[in-house]
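Trainee: Mind looking over this structure? Questions follow.
The numbers here are math on the coordinates, done by the rules we state, and not lab data. Fair warning: this is a prediction, and the values are worked out from it, not measured in the lab. We place every Cβ from the backbone using ideal geometry, glycine too, and count neighbours over all the protein chains shown.
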Amino acid sequence: MRNQNDVFPFSYTGQPFQANVTLSLPIFTGLSRSLRLSQARADEQDADEFARARRLQVRSDVHARYLGLQTSYQAIAVQAANRQAARDQLRLAQDRYRLGAGTSLEVSDAQNSVQQAEGDYVNAVYDYHKAVAALEAAVGRPLR
């Protein structure tokens, strides 16, 4: 290589410095830009519709849980009235038995009715507390 460099008026012993610059101008992209833009718009609409559907689902779930809470609350009142009626029936059956106008079977049936009414009342209260917890879960925060 040195022998080849002897013909030039200057001397160098290595390769000359090289630099490359590349410039790319997309003059025609084959409609890929408009396709990507359309896809991005469709993706945005999909995301918007998904968010809208989720909001509607949450609203529907909260509404259903609230209606369940109202129903449970009303069931407590109904079961309290049933419990009181069963207690009254037991008292009447016991009075009839003491007077000799009723039988021990009537008293036993009335006692069973009281036990059933007590259990139904406890279940109604339990269902109410479950409904409150379900509504709290749907809302995402404590309500008490």
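Trainee: Note down the nm distance, to one decimal, between modelled labels 7 Å out along Cα→Cβ at L37 and at R87.
Mentor: Result: 7.7 nm between the two label points.
Trainee: Now, a different point. Show me 34-42, 134-142, 119-127 ranked by packing, highest mean number of other Cβ atoms within 10 Å first.
Mentor: For the peptides 34-42, 134-142, 119-127, the packing ranking is 119-127, 134-142, 34-42.
Trainee: Further question: For a label point 7 angstrom out from the Cα of V62 toward its Cβ, which stretches of region 110-144 have the backbone nitrogen within less than 18 Å?
Mentor: Counting only backbone N, you get 131-144.
Trainee: While we're on this one: Using a 7 Å offset from the Cα along the Cα-to-Cβ direction at both Q45 and A133, what is the distance between the two label points in nm, to one decimal?
Mentor: Rounded to a tenth, the inter-label distance reads 4.4 nm.
Trainee: For the chain, find the longest principal axis of its Cα atoms and tell me its angle to the long axis of helix 32-99, 0 to 90°, nearest 10.
Mentor: 10
Trainee: What is the list of residues in region 115-140 whose amide nitrogen lies under 18 Å from a point 7 angstrom out from the Cα of Y73, following Cα to Cβ?
Mentor: Flagged as within label range: 124-140.
Trainee: Convert each backbone phi in region 108-123 into a coupling constant with the Karplus relation 6.51 cos²θ - 1.76 cosθ + 1.60 (shift: θ = phi - 60°), then list the ³J(HN,Hα) values in order as whole Hz, x for Gly and Pro.
Mentor: 4, 4, 5, 5, 4, 5, 5, 4, 5, 5, 4, x, 5, 5, 4, 5
Trainee: OK, next. Taking just the alpha-carbon atoms of the chain, what radius of gyration and Dmax come out, in angstrom?
Mentor: According to the Cα coordinates of the chain, Rg and Dmax are 42.8, 145 Å.
Trainee: I would also like to ask the following. 222 nm [θ] for the chain, helices only, -39500 (n - 2.57) per DSSP H run of 4+, per residue, to 500?
Mentor: -27500 deg cm²/dmol
Trainee: Right, next: Going highest first, how would you order 91-99, 53-61, 17-25 by mean Cβ packing within 10 Å?
Mentor: Answer by packing, highest mean first, reads 91-99, 53-61, 17-25.
Trainee: Working from the alpha-carbon coordinates of region 65-132, get Rg over Rh, Rh being the Kirkwood radius.
Mentor: Result for region 65-132 is an Rg/Rh of 1.19.
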